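The values are calculated or read from the model by the stated rules, or taken from the named source; none is laboratory data. Just so it is clear, the model here is predicted, and its values are computed rather than measured. Note that we place each Cβ from the backbone using ideal geometry, even for glycine, and neighbour counts take in every protein chain shown. These area figures cover heavy atoms from the full protein model, side chains too; ligands, DNA and RNA do not enter into them. Shrake-Rupley method; radii C 1.70, N 1.55, O 1.52, S 1.80 Å.
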Amino acid sequence: MATPATLPKRGKRAAAPVAAKPADAVPAAAPAPLSSATSLDLERFMGLWYKVAKVDEPQDALRTRERYEFLQRYDGGVRVIATSYDPLSNRWDRRQDYMAPVDAKGAALASHYQLTMPVHFSISRFGPFGVSYYVVALDPYYQWAMVAGPGAKSLFILSRRSDLEPELRASLEQLASSTNRLKAPLHWAAPDQDPPPR
């Protein structure tokens, strides 16, 4: 009787590779909370500031490269030199206003030092009637300031530098939200170190 052919032994089937488990995603760190000064010294507030972020308003949505220079006057008030660039008309705009800290009724304050936050400023170009702005938060080292006004939805951030780190931007947005004054997203300006033409 013929012996059946011996079948070759089958090798063991290789185990299917086990997919590596993806590493757990590291949650994004929460923005570091910022502290605000409790008072404003007008003399330390003087100098050049860049408008690095704002809630766009129809009247100034096209303004870019905005900056403000505050110069203290002999009478204790402040001269404001504001410059901005309109890319549509390829034109720089430069204007001068007068700014003074006032009380809740709009009367000028006798002292301009160590003003209790938030600080109410009246800015006018002609005559005694001004527009209200409020410094609602201020860096203790006077490197940034958060300003509300003149409209109910208006809010913008001033900085001594035109370029801010993403971490600082996130912290400022968190602070703006906590003030209950941020009614729309903030739009951040591109860094700008070039001086406007004189």
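Consider TYR74 carefully, then state whether it is part of a strand (DSSP E or B) and more than 23 Å from the chain's Cα centre (by Cα). No: the conditions fail for TYR74. When the range 136-149 is limited to residues that are touching a residue at least 24 places away in the same chain (Cβ under 8 Å) and in a loop (DSSP other than H, G, I, E, B), the one that is surrounded by the fewest Cβ atoms within 10 Å (Cβ to Cβ) turns out to be PRO140. None of SER89, SER159, SER111, SER178 is closer than 18 Å to LYS51 by Cα and of a type in the set (Ser, Thr, Tyr) except SER159. Being crowded, with 20+ Cβ neighbours inside 10 Å, at pLDDT below 95 and not in a loop (DSSP other than H, G, I, E, B) is the requirement here; does ALA176 meet it? Yes: the conditions hold for ALA176. Counting only residues that are open to solvent by 40 Å² or more (accessible area, probe 1.4 Å), touching a Phe, Trp or Tyr at 6+ places or on another chain (Cβ under 8 Å) and either free of Cβ contacts under 8 Å to residues at least 24 places away in the same chain or of a type in the set (S, T, N, Q) (or both), the range 152-167 holds 0 of them.
Here the condition is being closer than 24 Å to ALA30 by Cα and modelled with pLDDT under 95; of ASP163, ASP86, ASP93, it holds for ASP163 alone. Taken over the range 86-117, the residue count meeting the criterion of being under 13 Å from GLY149 (Cβ atoms) and touching a Leu at 6+ places or on another chain (Cβ under 9 Å) is 1. Reported count of residues in the range 104-128, each being exposed (fewer than 14 other Cβ atoms within 10 Å of the Cβ), within 19 Å of ALA82 (Cα to Cα) and of a type in the set (A, V, I, L, M, F, W, C), is 1.
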